[in-house]
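Working notes, structure below.
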Amino acid sequence: MSLIFIDGFDHYATADLTMKWTSSSGAPSIQSSAGRRSTGCLRTSDSDDGVSKTVPAVATHYIGFALKLNALAQGRLITLLDAGSDQCGVYLNSDGTLSFRRDTTVLSTSAAALSAGIWYYFEFSVTISDASGAYDIKINGVSFTSGSSVDTKSTGNATANSIHIGYVAPISGYAINTQIDYDDFYYCDNAGGTNNSLLGDVRIDTVLPSGNGNSSQMVGSDADSTDNYLLVDEAAQNGDSDYVESATASNKDTYAFGDISHTPTSIFGVQVNMIAKKDDAGARSICAVTRSGGSDTDGATQALTTSYVCYREIRETDPNTSSAWTKTNLNNAEFGQKVAA
């Protein structure tokens, strides 16, 4: 797998940020209708606002997201860290140009500049190395600044294991004192044979359950199993207000989902998000279920805790065909969850 993480910021509230992201600082917020298609987005509004995500410790990283600046200001846009130490990143300058830095050393600055009040699609690829490092910063598919055969490594390791948007604690300096909106975020590495490059301007659509699927083996919080999809169809999870549950290993639910209306050029992957916890003693685990072409495919087993967490499973290809998803196959598929153990 190369597509590691995606977020359209459409299926959770501000209070649930750290269900999906590893940590946050300051007061970043989810805006339900300020995104670039009038859907959700992440907003940072102050100099100490930021979010972070732990990722595999690798040398090569591919990142993309839409962004809109409320005003031009100097500060960090995105930073890669190695065990908490600044490795490299992209910085916004007060004139709207972008700089690539190894820690605080500027390696290059773009000639072109961003403007305030406009949605852009930002992409950043980097390979961390002492002498054979490389980087490319693109805006709307056009390279703003790039470099190769350069030193992109500032720590003792030629890897990064965390990505940060906005302010980076506890590293000081270069905080952005302006509002920025982020949307349609993706992260890939080059560990697999699929999606190991920049993907271009992508959109991330959140689709919610619209009906019971082939399996309804869990029991709803209403003590019924005839309307399970209605208990998991909220745009933002509501905790113990309504839910489905089971104490029996191998019990599962799958759900029909609403169709995507547009016809994408490519579908790079499908991410199943499961907000789940265990409420009894002992080890419990969950896995995502994808039903395509009349067959169920289980995802990786993931251990549950006693707090709600967003457990994710990405399917880069249709498990029924082992090829890229098509609109028809995606619209006909079911997704859900299973008590793994």
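The values are calculated or read from the model by the stated rules, or taken from the named source; none is laboratory data. Computed from a predicted structure; not experimentally measured. Every residue, glycine among them, receives a Cβ derived from its backbone with ideal geometry; neighbour counts consider all protein chains shown. Ligands, DNA and RNA are excluded from the accessible area calculation, which covers all protein heavy atoms including side chains. Shrake-Rupley method; radii C 1.70, N 1.55, O 1.52, S 1.80 Å.
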Notebook entry, point to check: Which one of Tyr135, Tyr186 is in contact with a Phe, Trp or Tyr (Cβ under 6 Å, 6 or more places away or on another chain) and open to solvent by less than 50 Å² (accessible area, probe 1.4 Å)?
Noted result: Tyr135
Next item on the list: Restrict the check to region 7-19 and report whether at least one residue is in a strand (DSSP E or B) and at pLDDT 95 or above.
Entry: yes
Note to self: Yes or no: region 149-160 includes at least one residue that is at pLDDT below 95 and surrounded by 20 or more Cβ atoms within 10 Å (Cβ to Cβ).
What the structure shows: no
Checklist line | Residue in region 262-276 that is open to solvent by 60 Å² or more (accessible area, probe 1.4 Å) and of a type in the set (Gly, Ala, Ser) present | finding: yes
Item checked: Number of positions in region 109-132 that are farther than 21 Å from Gln179 by Cα, hydroxyl-bearing (Ser, Thr, Tyr) and either open to solvent by 50 Å² or more (accessible area, probe 1.4 Å) or outside any loop (DSSP other than H, G, I, E, B) (or both) -> 4
Notebook entry, point to check: Could you give every pair whose Cβ atoms fall below 6 Å, whose first residue belongs to region 198-223 and is part of a strand (DSSP E or B) and β-branched (Val, Ile, Thr), and whose second residue is at pLDDT below 95 and open to solvent by less than 50 Å² (accessible area, probe 1.4 Å), counting only separations of at least 6 or pairs across chains?
Noted result: Val219/Ser225
Item checked: Those residues of region 219-241 which are hydrophobic (A, V, I, L, M, F, W, C), open to solvent by 50 Å² or more (accessible area, probe 1.4 Å) and modelled with pLDDT under 95, in sequence order -> Ala223, Ala235
Check: Tell me, which residue of region 318-341 that is open to solvent by 50 Å² or more (accessible area, probe 1.4 Å) and in a loop (DSSP other than H, G, I, E, B) is nearest to Thr248 (Cα to Cα)?
Finding: Ala341
Note to self: Could you go through region 277-291 and let me know if any residue there is aliphatic (A, V, I, L, M) and more than 30 Å from Val202 (Cα to Cα).
What the structure shows: yes
Note to self: So, in region 224-243, exactly how many residues are in contact (Cβ under 8 Å) with a residue 60 or more places away in the chain and touching a helix residue (DSSP H, G or I) at 6+ places or on another chain (Cβ under 9 Å)?
What the structure shows: 2
Margin query: Can you find, within region 289-308, the residue that is farthest from Thr254 (Cα to Cα) among those that are of a type in the set (A, V, I, L, M, F, W, C) and touching a Lys or Arg at 6+ places or on another chain (Cβ under 7 Å)?
Written below: Leu304
Next item on the list: Filter region 101-134 for residues that are over 21 Å from the mean Cα position of the chain (by Cα), of a type in the set (Ser, Thr, Tyr) and closer than 17 Å to Arg76 by Cα and give the result.
Entry: Thr104, Thr105, Ser108, Thr109, Ser110, Ser115
Notebook entry, point to check: Are any residues in region 78-98 under 23 Å from Asn157 (Cβ atoms) and surrounded by 19 or more Cβ atoms within 10 Å (Cβ to Cβ), and if so, which ones?
Noted result: Ile78, Thr79, Leu80, Leu81, Asp82, Asp86, Gln87, Cys88, Gly89, Val90, Tyr91
Note to self: Taking the conditions exactly as written (touching a strand residue (DSSP E or B) at 6+ places or on another chain (Cβ under 7 Å), farther than 27 Å from Ala276 by Cα and either crowded, with 20+ Cβ neighbours inside 10 Å or β-branched (Val, Ile, Thr) (or both)), does Val106 satisfy them or not?
What the structure shows: yes
Next item on the list: Quickly run through region 268-314 and pick out the residues that are of a type in the set (Gly, Ala, Ser), in contact with a Leu (Cβ under 9 Å, 6 or more places away or on another chain) and part of a loop (DSSP other than H, G, I, E, B).
Entry: Gly269, Ala283
Next item on the list: Looking only at region 26-41, decide whether some residue is of a type in the set (Ser, Thr, Tyr), in contact with a Gly (Cβ under 6 Å, 6 or more places away or on another chain) and more than 25 Å from Glu313 (Cα to Cα).
Entry: no
